[in-house]
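S.K.: Just passing along the structure, written as structure tokens.
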Ligand SMILES: [Zn+2]
């Protein structure tokens, strides 16, 4: 018999509490798209997203996130409440998700980073350069955070052709992602510039795997079903920053978004779900009414309003999503 680890046991106890005590389910998505080959972790296809929405519409009570926060303060959460959210602010949220949300009349909150309007996110660019690079030398030499990084590839400068190549590229990608994550955006940009040179890819990216432009953001915010929230300026790990830097990320993104859409931005989502007690205090001081984290449980109490838990559906079909929904909400 497999003895569950502490993590599994903790998750089970949260799930059990949810089943016994009830609460609202907040769902977190990133992409609604078929463009990204990421094993369905961050991208849900439009067909599968439609199935998720159909099930939510039939079996749950979809509400706005702000509405849920109001209910949490009142201590009365409508039964089977489900909230849909998106992180990062990808263009496909407007192009692919909104038509479906409108069809099923399901509200959603989109958390947007303000430094990426119309651009590719750094992690997407890094992945594209390494996985799809058409021509590059077999060795890669980088300066990262004052340290030398050297890598010899087993693959040559050709399109990905065999599984060993893919594995090697994925190893390099994962290693570089971990090294670049803690850097500030300027230093990270310099390293990605070096990778760009190495990859031989000098074309400006014009694909659809990018953030919303300001025009698209205004259009998105114009939908009655959509609420815009902030996801910082540069998508940093806030807990690794000074309080001053965190304040800039938290406050400046709110100001910019409000300027662009001409509406109050009431909510915030911590990048990578990471926050400290200080971060939480800064979010409150900046005038946000709530903030989302990534803890896997149901929302039940007003004390959770600045660390709202979320669950992350993957690229599941209706049957799988239905089982998941039932697991957490019993509906
Ligand atoms: Zn994010």
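The values are calculated or read from the model by the stated rules, or taken from the named source; none is laboratory data. Please read these numbers as outputs of a predicted model, since none were measured by experiment. Cβ coordinates were reconstructed from backbone atoms using ideal geometry, including for glycine residues, and neighbour counts include every protein chain displayed.
S.K.: Would a scan of region 301-319 turn up a residue that is surrounded by fewer than 16 Cβ atoms within 10 Å (Cβ to Cβ), without any contact (Cβ under 8 Å) to a residue 24 or more places away in the chain and under 25 Å from residue 90 (Cα atoms)?
M.R.: no
Results for (1) within 16 Å of the ligand (Cβ to nearest atom); (2) over 23 Å from residue 265 (Cα atoms); (3) touching a strand residue (DSSP E or B) at 6+ places or on another chain (Cβ under 6 Å), shown as yes or no for each residue.
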{"site": "58", "(1), (2), (3)": "no, yes, no"}
{"site": "71", "(1), (2), (3)": "no, no, no"}
{"site": "76", "(1), (2), (3)": "no, yes, no"}
{"site": "94", "(1), (2), (3)": "no, no, no"}
{"site": "99", "(1), (2), (3)": "no, no, no"}
{"site": "102", "(1), (2), (3)": "no, no, no"}
{"site": "115", "(1), (2), (3)": "yes, no, no"}
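S.K.: Among the residues of region 226-240, write down those that are buried (at least 17 other Cβ atoms within 10 Å of the Cβ) and either in a loop (DSSP other than H, G, I, E, B) or within 16 Å of the ligand (Cβ to nearest atom) (or both).
M.R.: Within region 226-240, 228, 229, 230, 231, 232, 233, 234, 235, 236, 238 meet the criteria.
S.K.: Just wondering, is there one or more residues in region 63-73 that are modelled with pLDDT under 95 and either part of a loop (DSSP other than H, G, I, E, B) or under 30 Å from residue 249 (Cβ atoms) (or both)?
M.R.: No: region 63-73 contains no residue that is modelled with pLDDT under 95 and either part of a loop (DSSP other than H, G, I, E, B) or under 30 Å from residue 249 (Cβ atoms) (or both).
S.K.: With the structure loaded, tell me whether residue 182 is assigned to a loop (DSSP other than H, G, I, E, B), modelled with pLDDT under 90 and surrounded by fewer than 12 Cβ atoms within 10 Å (Cβ to Cβ) or whether it fails that test.
M.R.: no
S.K.: Across region 80-92, which residue is surrounded by the fewest Cβ atoms within 10 Å (Cβ to Cβ) among those that are within 15 Å of residue 210 (Cα to Cα) and within 12 Å of the ligand (Cβ to nearest atom)?
M.R.: In this case the residue turns out to be 88.
S.K.: Which one of these does residue 268 not meet: (1) free of Cβ contacts under 8 Å to residues at least 60 places away in the same chain; (2) within 30 Å of residue 35 (Cα to Cα); (3) within 16 Å of the chain's Cα centre (by Cα)?
M.R.: The number of the failed condition is (1).
S.K.: Still on this structure: Looking only at residues that are at positive phi and part of a helix (DSSP H, G or I) in region 268-322, which one is farthest from the ligand (Cβ to nearest atom)?
M.R.: Residue satisfying both the conditions and the ranking: 273.
S.K.: Here is a further query. Among (1) within 15 Å of residue 116 (Cα to Cα); (2) over 19 Å from the mean Cα position of the chain (by Cα), where does residue 217 come up short?
M.R.: Result: residue 217 passes all but (2).
S.K.: Something else about it: Being at pLDDT 95 or above and in a strand (DSSP E or B) is the requirement here; does residue 87 meet it?
M.R.: yes
S.K.: In region 258-267, how many are more than 11 Å from residue 230 (Cα to Cα), in contact with a helix residue (DSSP H, G or I) (Cβ under 8 Å, 6 or more places away or on another chain) and either within 16 Å of the ligand (Cβ to nearest atom) or not in a loop (DSSP other than H, G, I, E, B) (or both)?
M.R.: Going through region 258-267 one residue at a time, the tally reaches 2.
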